[in-house]
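Trainee: Encoded as structure tokens, here's the structure I'll be asking about.
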Amino acid sequence: MSIVIAIDGPSGSGKSTLSRRLAAHYGLQYLDTGSMYRVVTVWCMDQGIDLDDQEAVARAAREMPLDMVTDPAGPRVLLGGVDVTERLHTGEVSTVVSIVAVNLAVRAELRDRQRAIIDVETTAGRSGGRGIVAEGRDITTVVAPDADVRILLIAEPGDRLARRARERHGNADTRSIEATRDEVIRRDAQDSTVSEFMRADDGVVTLDNSGMEPDETFAAAIAIVESQR
Ligand code: DC
């Protein structure tokens, strides 16, 4: 029996940490769909494509030679066989990725690619058919509304800012928080114009992990998975 776990939520809610842990725990693969929007951005930047040219960006997304390595112990993104994982989270990409994420033709293309990856992992693939944890903004609603388990992971803005600041700058002092504010608050506002990820769809379980340690979030998520699968 395969299992698909879908996790959505805003920036800094702890989706990646939780999703990777769940995948490792259940022997599943792990798909970070945010990386796919980021890699389209990198692919366009490398080719000098203007991100505001929606058609050119959509075409590039369709032609992009992408391989998502979905091992939860070491997820990687290969573009034309070249590992670009380290480039995906630079400020240069984070600042502009929303322009790509609100391009509806890009969303349609990535949705299809994400569904194909999920389908492969539920029948064969790198998980041997055990399944996958996929995380993003529209997985519970658009990409995999039929997933066995669907979780909306949320947290207070203050918690999310502090987590992202620690991730990016190694601490959560005032300067780091300010440097991170744009990425978390402005980008989520922009992204929420195309996907609804602050409110749970019917059948989606909301997990508010404000003030929780990663271990507590993991335990709460395991309880949800066990009650839903
Ligand atoms: O989660 P992240 O910061 O890596 O996401 C990168 C961008 O892609 C961000 O603008 C949100 C967007 N995104 C999306 O629109 N839909 C998804 N399923 C995943 C990410």
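What follows is calculated from the coordinates using simple rules that are stated; it is not laboratory data. If you're wondering where the values come from, they're calculated on a predicted model, not measured in any experiment. Ideal geometry is used to build each Cβ from the backbone, glycine not excepted, and the neighbour counts take in all protein chains shown.
Trainee: What do you get for Rg/Rh of segment 6-63 when both radii come from the Cα atoms and Rh is the Kirkwood radius?
Mentor: 1.13
Trainee: Please arrange Met64, Met45 by how many other C-beta atoms lie within 10 Å of their C-beta, fewest to most.
Mentor: Neighbour counts put them in this order, fewest first: Met45, Met64.
Trainee: Which whole-number percent of Cα pairs in segment 1-153 have a distance greater than 22 Å?
Mentor: The answer is 36 percent, as a whole percent.
Trainee: Report the relative contact order of the chain, percent, no decimals, based on alpha-carbon pairs under 8 angstrom and at least 6 residues apart.
Mentor: Relative contact order here is 32 percent.
Trainee: Hey, another quick one. How would you order 187-198, 202-213 from highest to lowest mean count of nearby Cβ atoms within 10 Å?
Mentor: Per-residue mean Cβ counts within 10 Å order the peptides as 187-198, 202-213.
Trainee: Taking the number of other C-beta atoms within 10 Å as the exposure measure, put Arg229, Arg107 in order starting with the fewest.
Mentor: Going from sparsest to densest Cβ surroundings: Arg229, Arg107.
Trainee: Take the Cβ-Cβ distance between His89 and Asn171 as r, set R0 to 30 Å, and report the resulting FRET efficiency rounded to the nearest 0.05.
Mentor: Result of the calculation: an efficiency of 0.95.
Trainee: Right, next: Taking N as the number of residues in segment 28-118, what value does Rg over Cα atoms divided by 2.2 N^0.38 Å take?
Mentor: 1.00
Trainee: I'd like the antiparallel share, as a percent to the nearest 5, of DSSP beta bridges with both residues in the chain.
Mentor: The antiparallel proportion sits near 25 percent.
Trainee: Arranged from highest to lowest average of other beta-carbon atoms within 10 Å per residue, in what order do the peptides 77-84, 155-162 appear?
Mentor: Output ranking for 77-84, 155-162: 155-162, 77-84.
Trainee: Work out the FRET efficiency for Arg181 and Gln228 from their Cβ-Cβ distance, taking R0 = 41 Å, and round it to the nearest 0.05.
Mentor: E(calc), rounded to 0.05, equals 0.75.
Trainee: For the chain, what is the calculated [θ] at 222 nm in deg cm²/dmol (nearest 500), taking -39500 (n - 2.57) for each run of four or more DSSP H residues and dividing by its residue count?
Mentor: Mean residue ellipticity, 222 nm, calculated: -14500 deg cm²/dmol.
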